[in-house]
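Next up is a structure, given as structure tokens.
The values are calculated or read from the model by the stated rules, or taken from the named source; none is laboratory data. None of these values were measured; they are calculated from a predicted model. Quick reminder, even Gly has a Cβ in these numbers, built from the backbone with ideal geometry, and neighbours come from all protein chains shown. Just so you know, the surface numbers come from the protein's heavy atoms only, side chains and all, with ligands and any DNA or RNA stripped out. Shrake-Rupley method; radii C 1.70, N 1.55, O 1.52, S 1.80 Å.
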Amino acid sequence: MCEHDAAVPGEAVSERDLEGRRILVTAGPTQEAIDPVRFISNHSTGRMGYAIAQRAHERGAEVVLVTGKVSIEPPAGVEVVDVVSAQDMFEAVSARYGDCDAVIKAAAVADYRPKHAAADKVKKKDGDMVIELERTVDILSWLGAHRVAGQRLCGFSMETRDVLENSRAKLERKNVDMICANCLKEEGAGFGTPTNHLTLITREGMTDLPLMDKLDAADRVLSALFSLAAREG
């Protein structure tokens, strides 16, 4: 069972309080090709990232949404950059992050991809098949290593056990300002749900949010991130 600390009440959201900010949000899954027919992916629907992009735009920010393939419509008024693979997402983010006040990486990016993607469909044969995998670029770590002065970085941590311990370690290891942790095994907080239960972890402490609609959770994420003092690098 995934455990969280007691909930902490949040502050009211100020409308248009992000006017003049430029925010990059990543969302959805990536797809790593095995051949032209098959790929490795995950169950992400993009709903949390899309909710963050929507609320950031409604609160006045200029928003760039870098998104994997999903079945939901992007929010109106945001710049949408469609990608497929983890490498595509890295290239899109690394080309755009430099002039952003914040990067919120809510996408579920594949950690591994097939080392060799076949040019033609792999035909079925008797016996087993082994697919050799290699690491993809760790986008959040790259951002932490290349952050610009005054930029806020936020990542997500989807866990199935030791949620807080793993997420705290990720905060330090990847040199980011906030990690939004949740548990796949908790009802209402996994992929594809309209709700989420997040714990917001920073160097200053931890805020456990109650289960809430993802748009409300998006507001809390944005407010918490921009309440942090901007770091010089």
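Which of these, S94, S71, S85, has the largest mean-square fluctuation under a Gaussian network model of the chain (Cα springs below 10 Å)?
S71
Could you run the Debye sum over the Cα atoms of the range 119-215, one equal point scatterer each and no solvent, and tell me log10 of I(q)/I(0) at q = 0.15, 0.16, 0.20 Å⁻¹, two decimals?
Here log10 of I(q) over I(0) equals -0.72, -0.77, -0.98.
Any chance you could tell me what percent of the C-alpha pair distances in the chain go past 21 Å?
On the way: 15021 of 27028 pairs.
For the chain, the fraction of Cα-Cα distances above 21 Å is 56 percent.
Amide H to amide H, which residues 5 or more places from Y112 or on other chains are under 5 Å from it, using H placed in the peptide plane?
When sequence neighbours closer than 5 places are left aside, the close amide H contacts are T136.
While we're on this one: Need one number for the range 189-233: average projected area of the convex hull over its C-alpha atoms, nm². Mind showing how you got there, number by number?
Working: hull surface 14.8 nm².
With the hull built on Cα positions only, its mean projection is 3.7 nm².
Can you check what the net charge comes to around D99, using other residues whose Cβ is under 14 Å from the Cβ of D99 (Lys, Arg +1; Asp, Glu -1)?
Values: positive: R21, R22, R96, R147, R152; negative: E62, E79, D101.
Neighbourhood net charge equals +2.
Find out how many positive minus negative residues lie around V83, taking Lys and Arg as positive, Asp and Glu as negative, among other residues whose Cβ is under 15 Å from that of V83. Show your work: numbers first, answer last.
On the way: positive: K69, R96, K105, R113; negative: E32, E79, D82, D88, E91.
My count for the surroundings of V83 gives -1.
Sticking with this one: Excluding R152 itself, calculate the net charge of residues whose Cβ lies under 10 Å from the Cβ of R152, where each Lys or Arg counts +1 and each Asp or Glu counts -1.
On the way: positive: R21, R147, R231; negative: D101, D177.
Around R152, the charge tally is +1.
Mind checking which of A181, A118, A107 has the largest fluctuation in a GNM of the chain, springs on alpha carbons under 10 Å?
Sorting by GNM fluctuation, first place goes to A118.
Out of D138, D120, D219, any idea which swings most in a Gaussian network model of the chain, alpha carbons joined below 10 Å?
Per the Cα network of the chain with a 10 Å cutoff, D120 tops the list.
Further question on the same structure: What per residue convex hull volume, in Å³, comes out for the range 81-166 when only alpha-carbon positions are used? Present the calculation step by step, with values, prior to reporting the outcome.
Values: hull volume 12.7 nm³, N = 86.
So the per-residue hull volume is 148 Å³.
Could you compute how fast the range 19-98 diffuses translationally, taking Rh as the Kirkwood radius over C-alpha pairs and applying Stokes-Einstein at 10 °C with viscosity 1.306 mPa s? Give it in µm² per second. Could you put the intermediate results ahead of the total?
Details: Rh = 13.0 Å.
Using the Kirkwood radius from Cα pairs, D works out to 122 µm²/s.
Can I ask one more? Rounding to the nearest 10 and keeping the result within 0 to 90°, find how far the Cα-based axis of helix 214-227 lies from the longest principal axis of the chain.
Orientation of helix 214-227: about 60 degrees from the principal axis.
Then there is this: Loop-only check: which chymotrypsin sites (Phe, Trp or Tyr not before Pro) in the range 128-213 are DSSP coil with at most 12 other Cβ within 10 angstrom? Numbers along the way, then the final one.
Details: sites: W142, F156, F191; in loops: F191.
Sparse-neighbourhood loop chymotrypsin sites (Phe, Trp or Tyr not before Pro): none present.
Lysine pairs in the range 57-214 with alpha-carbon atoms under 26 Å apart, 8 or more places apart or on different chains: how many are there?
Going through the range 57-214 pair by pair, I get 23.
Could you work out how far the C-alpha centroid of the range 105-145 sits from that of the range 161-187, in angstrom?
When both Cα centres are located, 23 Å separates them.
Considering only DSSP beta bridges whose two residues both sit in the chain, what percent are antiparallel, to the nearest 5? Before the final figure, lay out each step's value.
Details: 13 of 39 bridges.
Taking every DSSP beta bridge with both residues in the chain, the antiparallel ones total about 35 percent.
What percentage of the solvent-accessible surface of the chain, computed with a 1.4 Å probe over protein heavy atoms, is contributed by carbon and sulfur atoms? Walk me through the numbers on the way to the answer.
Values: 5640 of 11660 Å².
That fraction is 48 percent.
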